[in-house]
Amino acid sequence: MPDPRPPTILGPWGEGYCKVCHFIVGLDRNGLLIDHKRGIGNIAGEICKGSMKVPPKLAPITSKLAAFKTSAPVRRCPYCVEDVSLTSLKTFSRHWSQPSVMCQGSGRFPPVPGRDHSGERGN
């Protein structure tokens, strides 16, 4: 029988790191990872091959496979000519052109490359 682990939210017998799906899951009374699914909505997916296996003693804190990383796209603001990240709405995030003056490009959509219609006349 493995060393007992303290109870956690995921299970009364502790939790462990699954080396197959790279998630933290609950343990059963024998110290094995409980049956868990990874797939669309975790309902239709197949049972993970890491189920009913002994978890490693230490979970990798810096696992690149388990990390949820997102990086915002960056575009050049035409007002202040700085590289600025975009928000989820695809607009420029709030930024400053001077230490206390907000840039006019904040909250605006970036220009579409190759589509400069500044000289066109509307009919």
Could you size up the charge dipole of region 68-113 around its Cα centre, putting +1 on the beta carbon of Lys and Arg and -1 on that of Asp and Glu, and report it in debye to the nearest 20? 140
Distance in nm between label sites at residue 72 and residue 8, each 7 Å beyond Cα in the beta-carbon direction? 3.2
Cα-projected label distance for residue 35 with residue 101, points at 7 Å along beta-carbon direction, nm: 6.6
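A short reminder: the numbers here are calculations on the coordinates, not readings from a lab. Computed from a predicted model, the values in this text were never measured in an experiment. Note: ideal-geometry Cβ built from the backbone for every residue, glycine included; neighbour counts use all protein chains shown.
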